[in-house]
Every structure is written in structure tokens, then in C-alpha cells.
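FYI, it's all coordinate maths here, none of it is from the lab. These numbers come from a predicted model, not from an experiment. Here Cβ is always computed from backbone atoms with ideal geometry, including for glycine, and neighbour counts include all displayed protein chains.
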Ligand SMILES: NC(=O)c1ccc[n+]([C@@H]2O[C@H](COP(=O)([O-])OP(=O)(O)OC[C@H]3O[C@@H](n4cnc5c(N)ncnc54)[C@H](O)[C@@H]3O)[C@@H](O)[C@H]2O)c1
């Protein structure tokens, strides 16, 4: 086997820059973090796409996006429903980007599809299995193109890994171990204090955060997942773990503030992490941050929140044909990202989310893959290891050429991974294994 040559093929990273036959237009629902991330593509590569309408209930975000793209006042909407109402008189754009909070994905996406938009829908695509299946039925009926925000599929790292497995470089995949280290402060920020602290109002952790990972596992194995099991719970972020004398807020003179790694004063003010949620810049005065900590959930003690998301999950997955995978989501890590090990009949891969090493059993030579950007590009502006803007690139190209095959995170593929997530959550709560229904293909 000419492994050197085949491995060298993996270095071939698709450039971020593409040209489109015309400038595609985008209407954005939710001008928050994700609503700004994907249109960054049009700022980087002018002429490919532009934002022509925006809806956000937060006036400052709405107008920041409106001003940045020169959107006229009559195309700046408050609630997403106003944008849909305006679209009844004629579509506002080629593409609808749904980047609203988790509880506002299903209805807006259904309405957008019915109005004939091609839709870029943030994950999680919906809050229940039925809604996921409804979305798929509506997409098939309307024939529009829908991409789900499973951005990892588009990152050069996971693309190269997928190609290595598809080329058979490790033989048949027998088992995969995937770890999602969430990182201690990110867990506290997003899933204890933040937008996703309540799994009933959003989606359970294994869907909200880890649908990426279940999706990647299914994609790498390349087969349908037939059965899952899961365990996990809240080890730390609960009232009975609160240190003695901890008040309701870190700003209330907590005696543990200087030593607690979850201190909001430490995370937001001293370290200046995650300030985007307050629309504050890193060089803002401390008073502006402390004011937010006094008045929002981000200043509350992590042991006294109304959170229900597990801080550790272990899941087992069985795929058609017998391959297996194990997945762990861990809050208690110093870093985020992904760690993976793939066990195949002829070889083994180990990766840390940026580089991976492939070892064949018939050779002593390790093959190392690390990202070499295409000439003239850095991928520096693209989050999720390059996946965010690479998804936008492929979506724009797919919309422009009407070539659905360019979309890796199509709605059908994404429904399957969401069903895996909901089944894992049922298993975690019931203690039994859960089968994944077949037949959505
Ligand atoms: N693909 C990924 O890797 C990834 C990463 C992070 C978040 N997400 C998902 O993206 C979505 C958005 O997350 P975010 O971090 O950008 O959140 P965000 O809070 O920064 O942005 C959401 C925006 O929606 C606006 N909004 C809320 N209700 C509205 C309404 N009724 N009408 C109009 N606007 C409304 C808010 O004012 C806010 O600006 C979430 O579902 C999240 O789970 C995906």
C-alpha cells in the first residue's frame, strides 16, 4: 500500500475563498454571537454574500448589524415574527439564517422553509424528536436547501480524519473514543449560569452541547447508530455542594470569592472571559462588568442556580454492522475542544482536535497530520477550528449551484444525530438502553 501518497492527500485543504455567480443575500434572525459569526464570510470575501435584513429583539444588536451592513430601516425588525410577516409580501433574501435561542428554532425554520428560503439553521435544530421529523418533512415538501450548524464536519481537522477513515487507512473502524472537554469556566458560564442552564427550556446537555459529537461519531463511522446508553448527572453545581457561608451572588461579599475557581468576579472581571454576552469589550471598566454581575444570572453563585444540566455524561453507541463508540462530556477540564482515539483493524489514530497521528500495525512509521492552510489563507477568522466559515462557504456554494451534495450537515443527516441525542437523554434518565428508530431515510 502506498500509504505515504495516500496520507499526503489528506493535506489537501479546501480553500475558504470561493466565488459565487452572484452576491447571495441573507436575512438574519438573531443578531447575537452566531448571527454575526457566519456572515463574517461576506466581510472576509466581499461579493459572495451580504446581509440585507435583520431581526433581533435587542435594539442595540439589531442596529449594530443593520449599520454594519447598511440595511435600511424598514428591513430591521424586532421579533422574528415581524420578519416572517414582511416576507409574506415577497421574500427578503435568498437565505434565512436562524441564529435565535434554542427554543426559537423550530417555528422560524418551518416558516422560513414555507416562504421558500434556503435555511441555515443553528443547532440544536429543534427541541423534540417530533419537531426534528416535522422539519425534515417540511424540507422534503418544499424542496429548499437546509444546512444545520454542525460546524465540526467542515473543519479541516475532522475532514482530514474522515478522509483517512474513508480511504481505509486504519482498515475497518471497530471502536472510537471521543471526549468533549467542556472546560470548567465554560461549563459554569453557559450551562450553569447561562442560556443553556435549563435543559427543559432549551435542550438537554447531550443535545444542546454534544449533538456535535454524536453527529461526528456517526459521520466518522459512516453507519446508522442503532442503540445507545448513557449515564451522568450533576456532580458539583448544586446547593448541597455550596461552601459554608456562600451568598446568592459572588458580588455579595462571598468569603470564598478569592479561592473559588467559579467566582464570577474572577471569570468575568479579572480574567475578562466571555464578555461578549454583555456586549462589553475587554478594556471596559470593572464597574460595567460588576454591574452586570449584580443584575444578571452571570453573577449568581454556581451552587445556587436553577440549573439541571449534567456536568458529566458517559454514552455508549452501537452502529449497524457492530462498530461501537464511547463518548464522554466532561465539565472538569482546563481546556475545551475534542480528544479522539480511533481503533481500526489495521491501525490506530489519536487526535487532539488540531493534529492527529495515525499508526499502522504493519509499520513503525507514525503519520502526523496538522493543519497547513491553503496558500494565502489562515482560517484565523473562523471559529470551531475553521468549521464556522467553512460551513458558510459550502452552504453558499450549494445554494449558488443547487448542488445539495456539497452540504455535509444536511437536514436528514442532522435529524439522525439529534435522535441519538434525545435517546441518550432518555437512557440517562431511565437507566435503560434506547434503540434509535430506523426509517427516516
Ligand atoms: N454551531 C455551534 O457550534 C453553536 C455554538 C454556539 C451556539 N449555537 C447555537 O446558536 C444559537 C444562538 O446562540 P448565540 O450564542 O448566538 O445566542 P445569542 O444570545 O448571542 O444570540 C441570540 C439572539 O437572538 C435574539 N432574540 C431572542 N429572541 C428573539 C426573538 N423573539 N426575535 C428576534 N430575536 C430574538 C437575542 O436578542 C440575541 O441577540 C443557539 O441556539 C445556540 O445553541 C451554536
Descending packing, highest mean Cβ count within 10 Å first, for 381-390, 417-426 is 417-426, 381-390
How large is log10 of I(q)/I(0) for segment 1-130 at q = 0.15, 0.19, 0.21 Å⁻¹ when the intensity is taken from the Debye formula with one equal scatterer per alpha-carbon? -0.70, -1.02, -1.21
With a Förster radius of 41 Å, plug the Cβ-Cβ distance of residue 429 and residue 346 into 1/(1 + (r/R0)^6) and report the FRET value to the nearest 0.05. 0.55
Cα gyration tensor of segment 332-383, axes a ≥ b ≥ c as square roots of the eigenvalues: rounded (a/c below 1.5), prolate (a/b > b/c) or oblate? oblate
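Ranked highest first by the average count of other Cβ atoms within 10 Å around their residues, in what order do 169-176, 233-240 fall?
On the way: 169-176: 18.0, 233-240: 14.1.
In descending order of packing, they fall as 169-176, 233-240.
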Quick check on the chain: what are the equivalent-ellipsoid semi-axes from the Cα gyration tensor, as sqrt(5λ), descending, whole Å? 33, 30, 22
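From the Cα gyration tensor of segment 382-441, with a ≥ b ≥ c the square roots of its eigenvalues, which class applies: rounded if a/c is under 1.5, or else prolate if a/b is larger than b/c, or else oblate?
oblate
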Kindly work out what percent of the DSSP beta bridges joining two residues of the chain are antiparallel, to the nearest 5. 60 percent
Reduced to Cα centres, the span from segment 254-274 to segment 286-317 in Å works out to 12 Å
Virtual paramagnetic centre 7 Å along Cα→Cβ of residue 79, amide N under 20 Å, in segment 46-67: 54-63
Can you compute the helix-only [θ] at 222 nm over the chain? Use -39500 (n - 2.57) per DSSP H run of at least 4 residues, normalise by all residues, nearest 500 deg cm²/dmol. -8500 deg cm²/dmol
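If one computes P(r) from the Cα atoms of segment 235-343, what percent of pairs lie at distances over 24 Å?
In whole percent, the share of Cα-Cα pairs in segment 235-343 beyond 24 Å is 40.
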Descending packing, highest mean Cβ count within 10 Å first, for 278-285, 155-162 is 155-162, 278-285
Between residue 295 and residue 107, what is the label-point separation in nm under the 7 Å Cα-to-beta-carbon projection? 2.8 nm
Shape call for segment 298-351 from the C-alpha gyration tensor, a ≥ b ≥ c root eigenvalues: rounded (a/c under 1.5), prolate (a/b greater than b/c) or oblate? oblate
Let me understand segment 330-441 better: what is its radius of gyration from the alpha carbons, and its Dmax, in angstrom? 18.6, 52
